[in-house]
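Comments concern the structure below.
Values in this text are rule-based calculations from the coordinates and carry no lab data. Nothing here was measured: the structure is a model prediction, and the numbers come from that model. Here the Cβ is made from the backbone with ideal geometry for all residues, glycine too, and neighbour counts use every protein chain on show.
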């Protein structure tokens, strides 16, 4: 205890409780300076007042709780803005959150802005309608692999949550073009949309979406096999000023027209995934490299079987901001793709390069690349018969000190190196 004068307590000193001296704002200031989650939890053990303050400052909550516990959590953590109730894939057989739980969330977490519900198989349109009716401030919703969700539930969310900026619907195969039309009409601030594996989506739905949703920065329509050049071209035209990331993995109907539209309209494109788009030609990729050379940072084009040396050479010499490149299984690529690097004073900023299953690339090409790419952190040469560890050692290749080389798959690939 301290004396009122601030000196050491003596026999005549009057004990003063710290709670009588410090205001709530001062206690919040102390709480904000605690670095670890453990220390912040210990703060709440001091007394009921400190526990209440600690609870009121909590903004993010990740829990696995039933209906009654959710009500208690809402009472204690009444200022939470982000709630994560997602299930791991290993527990996806368990329904997890139910429609009844979503009713509790919509009724008690009114200020919620971010809600994660991945792999919650028990959710249906009934619960989604509750969210749309109660969470008007919601800005981010992830219901990936909630397979019971249909257009009806998503339409209710779109109509009730006009401030929605981020929506993840990966694996929701019952979603159709009607849902995208509703998003276009009601959620015009939408910036990120994930539709991976929504196989009922077509060019019509994508076109309807971007009629009003022109602020989209990230669009993932991977494995949407009914989306082709018409839909992608309309995205490029409508979202030209904002589009930064476009993922088209295994969109087999995407061809040169899509790439040329991106080159024409999307000068700020940073990430492009066209893996498995087998009909994209060298000429289309050369036009993209020329148009987006200063912006493109990540390019994944594995299994693009029509790509050859001239396109890759153009990408390497013109895309000066490129940090990650995947050309795995591009059978037409050889060492000749790197020849253009020798003559010029090109210094590559590549950190990740994947050339797995490229049988035409040898240590000769890798040597040229290493000479021009000193910041390389990860090189994938799996299933390249002429690039083995023994061959590289014999040739005296010097890899950058921080570079991890994946020769045979024994090196686990971190998410850091994902494109």
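Where in the range 193-224 does the amide nitrogen come within less than 16 Å of the point 7 Å from the Cα of residue 278, taken along Cα to Cβ?
Zone members listed by number: 223.
For the range 59-128, what mean projected area does the convex hull of the alpha carbons give, in nm²?
Values: hull surface 16.6 nm².
Average of the hull's projected areas for the range 59-128 equals 4.1 nm².
In whole Å, what three semi-axes, largest first, describe the equivalent ellipsoid of the range 363-411 built from its Cα gyration tensor (square root of 5 times each eigenvalue)?
On the way: eigenvalues 49, 36, 17 Å².
Equivalent ellipsoid semi-axes, largest first: 16, 13, 9 Å.
What's the FRET efficiency of residue 386 with residue 211 using the Cβ-Cβ distance as r and R₀ = 30 Å, to the nearest 0.05? Each step should come with its number before you reach the end.
Working: r = 51 Å, r/R0 = 1.69.
That gives a FRET efficiency of 0.05.
Could you tell me how far the Cα centroid of the range 327-356 sits from the Cα centroid of the range 198-252, in Å?
29 Å
Name the residues of the range 319-359 whose amide N is less than 20 Å from a point 7 angstrom out from the Cα of residue 404 along the C-beta direction?
Residues passing the 20 Å test: 323-328, 350-357.
What is the spread of the Cα atoms of the range 162-206 along each of their three principal axes, largest first, in whole Å?
So the extents along the principal axes, rounded to whole Å, are 26, 18, 14.
Neighbour counts of other C-beta atoms within 10 Å: give me 69, 128, 301 arranged from fewest to most.
On the way: 69 13, 128 27, 301 24.
By the 10 Å Cβ count, ascending, the order reads 69, 301, 128.
Would the range 288-419 count as rounded, prolate or oblate if I go by the C-alpha gyration tensor, calling it rounded below 1.5 in a/c and otherwise prolate when a/b exceeds b/c, oblate otherwise?
Working: a/c = 1.32, a/b = 1.30, b/c = 1.01.
Rounded.
Obtain the radius of gyration and the Kirkwood radius of the range 306-369 from its C-alpha atoms and give Rg over Rh.
Details: Rg = 10.7 Å, Rh = 11.7 Å.
The Rg/Rh ratio comes out at 0.91.
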